[in-house]
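To keep things clear, I will list the structure first and then write my remarks on it.
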């Protein structure tokens, strides 16, 4: 089996990202490389370029990295990081934060490649929860 | 295993079609849905999960959760392919032992 895809959760809030991490580890897997980049470096609500960059590097096992932003400046910060460090195997994915993270981790846990994991996160938008 | 299992096999060549109905001991919530999706990804057979006249692919964790299947209700697992029997057995086991 090839190297696992890494997942990065980018949020304005460290607590939100950490809570989502606990949730996806319970539902999906605690073996998928997963990192959070939540809040600013001094613990405030916001996003941090350096935390996003460090998170991407920390989950890179060679199988690619899927980056999931919550909204707003999480998207902008992640995009800036990726513009400065362009790599074909790091994808910023447009997906609902909670559902996309669950789908991505479950899919990555089954050994899927980066594109499949990214597609699973994107498709989360179209799955009804009721 | 508290299942009402009714395996029906139509074994033409090596591929087969299998089906098993399971009465859920607990609601099909997030954790068993995740287990089911990860297990389902390991089979090559075409898989279906049916509940209340809705059919989803069990590899989709969100779709499985979205069924909203509750304790005491019946979910049917279907598989068609070379590992259909193994797939149905494995998925039915997860459903039947969900907490």
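Nothing in this text is a laboratory measurement; each read-out follows from the coordinates by a stated rule. What you see is a predicted model, and the numbers here were worked out from it, not measured in a lab. Please note: Cβ atoms are built from the backbone with ideal geometry, for glycine as well, and neighbour counts cover all protein chains shown.
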Original post:
What does the average come to when, for each residue of peptide B:30-38, you count the partner chain Cβ atoms lying within 10 Å of its Cβ?
Top reply: 5
**OP:** Give the peptides B:49-60, A:58-69, B:24-35 in descending order of average Cβ contacts within 10 Å, highest first.
**Re:** A:58-69, B:24-35, B:49-60
Subject >> Under the Debye formula (equal points on every Cα, no solvent term), log10 I(q)/I(0) of the stretch A:69-130 at q = 0.12, 0.16 Å⁻¹ >> reply: -0.31, -0.54
**OP:** Quick one: angle between helix B:30-40 and the longest Cα principal axis of chain B, in degrees between 0 and 90, rounded to 10, please.
**Re:** 10 degrees
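Enter the mean number of other protein chain beta carbons within 10 Å of the beta carbon of each residue in A:122-128, as an integer.
What the average comes to for A:122-128 is 3.
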Original post:
Within 10 Å of each Cβ of A:106-118, how many other protein chain Cβ atoms are there on average?
Top reply: 3
**OP:** Within 10 Å of each residue's Cβ, count the other Cβ atoms and sort B:20, A:114, A:82 from fewest upward.
**Re:** A:82, A:114, B:20
Subject >> Cα-only Debye scattering, the protein assembly as shown: base-10 log of I(q)/I(0) at q = 0.08, 0.11, 0.16, 0.17 Å⁻¹ >> reply: -0.32, -0.57, -1.00, -1.09
Subject >> Stokes-Einstein translational diffusion, the stretch A:6-126 - Kirkwood Rh over all Cα pairs, 1.567 mPa s, 4 °C, in µm²/s >> reply: 95 µm²/s
Original post:
Suppose R0 equals 30 Å; then what is the FRET efficiency for residue A:73 and residue A:22 from their Cβ-Cβ distance, rounded to the nearest 0.05?
Top reply: 0.80
Subject >> Orientation-averaged projected area, Cα convex hull of the stretch A:43-86 (nm²) >> reply: 3.3 nm²
Subject >> Tilt relative to chain B, helix B:84-96 - C-alpha long axis, 0 to 90 degrees, to 10 >> reply: 20 degrees
**OP:** Please work out the C-alpha center-to-center distance from the stretch A:28-68 to the stretch A:97-130 and express it in whole Å.
**Re:** 17 Å
**OP:** Could you tell me the largest-minus-smallest coordinate of the C-alpha atoms of chain B on each of the three principal axes, in descending order and whole angstroms?
**Re:** 37, 24, 23
Original post:
Between residue A:45 and residue A:2, what is the spin-label point distance in nm, taking each point 7 Å from the Cα along the Cα→C-beta axis?
Top reply: 4.0 nm
